[in-house]
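So the structure is just underneath, and the comments pick up after that.
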Amino acid sequence: MEKLLNELSSQSGFAYDIKCDVEADFSIPENLKRKSDLGLPGIAENDLLRHFTNLSRKNYALSTVFYPLGSCTMKYNPLINERIAKYDAFNSIHPCQPAETMQGILEIMHGLEKDLCEISGMDNFSLQPAAGAHGEFTGLLIIAAHFRSIKQKRTKIIVPDSAHGTNPASAAFAGFEIVPLKSEPDGSIDVSKLKEVLTNEVAAIMLTVPNTLGVFESKMREIAKAVHENGSLLYYDGANLNALMGFARPGDLGFDVMHINLHKTFSTPHGGGGPGSGPVGVKSFLERFLPVPRVEKKNKKYVLNYKKTKSIGAVKSFFGNFPVILRAYAYIKALGGNGLKNASAQAVLNANYMLAKFKDKINVPAGTRCMHEFVLSPKAALGGGVRTLDVAKRLLDYGYYAPTVYFPLIVEEAVMIEPTETESKETLDKFIETLNKIILEESVNEPQKVKDAPSNTPVTRLNEVEAARNPILKWKNR
Ligand SMILES: *Cc1c(COP(=O)(O)O)cnc(C)c1O
């Protein structure tokens, strides 16, 4: 295990001297002055460099291993976009500058809003929300504002039980009551079951298309018709947009409000809670409710409009997570319409290739075709009391990041795999071979080995309950 800086500390070398370069023209009272040494670790520059480099090599990252994390679209993020996001020309701008001095970034934001409209079939976008869940929350506030404005009391949101946990959470946070809807074994919606819960108190239904089992909602038009005839709206969870670009647009499918996870579909490294962006798109009848400021073009100049009286207000400081916006814009412009369409086609092809290799050996509850991801239920194939959690841990021993497990909740022992368009056939083949080996051979022949995994990672199997209840946070207690 890598030692902490404090443990490595010696007095023989300091990488840098810390000196205060502010001239004190005030005197600090004696009783407030430090009596003892500050106790900073002393460490030579080379040892410091090695410490952090060695730590970084213990990380799982897209740049070191295959990351088949279903629902999260962990695809290659072109490094050129990182370079662009770091340009001084963007980073030295202050959001409080007058709009006429930041025409460039306003043009980029305006341009990205337009591109997202074209990709999604919506009429207007706000780039302000900071993540998918934040986009859901913003969208739901817009839906609430809409019904207030037409003086209808609608307090309920329908959420299928295959949905991501953020959907019911966002709806509750926005003050709605959740109406759960039982979905079919492939995660899709039964229109007659939907009609049973579609009362005049329902403000909207939240849908993920393709759904979290990787299946396209084939009854989409019927669903949209039933919901709209009831006077309710349709919210689109855009986390799975990577399956649809250039093939189908949520706006054309009947959705009124949606978010896009820029960090999933449009090239921002994510995971570990890094900054994201969840732009919200609406049909034109909801435009006036979007967060302020709005970026508008007037007489060939870009302006920031804060004076939208019907707006739900700002949901984040200033303009949102601008570096993520910038990467998305660069990515979309680099790929172009055909490139985005190819990305989706390849993502769907890769997922179907993997599914075809698994389907005769491991149960696939949603059937034998999928969009960009699929969910295995290995319960019947596993031996020796081995569970999906053990399989996920064992994959770490083989140098893979584990797929999403136990989601969606409607699949027993779920393993959710999303290969994305950016992995080679060789990588997919090796992963398929390894997962089959763990499930079909190791769990039967050497179950204990799988249950004890991982055994060759820097940290071996953790007692997750103990780790959460009694975290060791002080280096001295280690
Ligand atoms: C990731 C995800 C979300 C939430 O998005 P965040 O950007 O993580 O807040 C919502 N729904 C689905 C289906 C997702 O995969």
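The values are calculated or read from the model by the stated rules, or taken from the named source; none is laboratory data. Just so it is clear, the model here is predicted, and its values are computed rather than measured. In this analysis, Cβ positions are derived from the backbone assuming ideal geometry, glycine residues included, and neighbour counts consider all displayed protein chains.
Annotations for the structure displayed:
- Some residue of region 263-271 being at negative phi, more than 14 Å from the ligand (Cβ to nearest atom) and touching a residue at least 24 places away in the same chain (Cβ under 8 Å): no
- Residue list for region 326-358, filter: over 18 Å from I260 (Cα atoms) and polar (S, T, N, Q): N338, N342, Q346, N350, N352
- I150 vs. criteria surrounded by fewer than 20 Cβ atoms within 10 Å (Cβ to Cβ), more than 16 Å from the ligand (Cβ to nearest atom) and under 18 Å from E201 (Cα atoms): yes
- Only residues that are of a type in the set (F, W, Y) and without any contact (Cβ under 8 Å) to a residue 60 or more places away in the chain were counted in region 351-404, giving 1.
- Pairing residues of region 120-138 that are within 11 Å of K283 (Cα to Cα) and more than 9 Å from the ligand (Cβ to nearest atom) with residues that are modelled with pLDDT of 95 or more and of a type in the set (D, E), at Cβ distances under 7 Å and at least 6 apart in sequence or on separate chains, gives G121/D252; D123/E287; N124/E287; F125/E113.
- Candidates V257, V280, V292: the one that is away from the ligand (no atom under 16 Å from the Cβ), assigned by TED's automatic domain parsing to the domain that holds Y329 and either modelled with pLDDT of 95 or more or in contact with a Pro (Cβ under 8 Å, 6 or more places away or on another chain) (or both) is V292.
- All positions within region 409-457 that are closer than 14 Å to T388 by Cβ and in a loop (DSSP other than H, G, I, E, B): L409, V411, E412, E413, A414, A453
- Selection status of Y353, hydroxyl-bearing (S, T, Y), surrounded by fewer than 16 Cβ atoms within 10 Å (Cβ to Cβ) and modelled with pLDDT of 95 or more: yes
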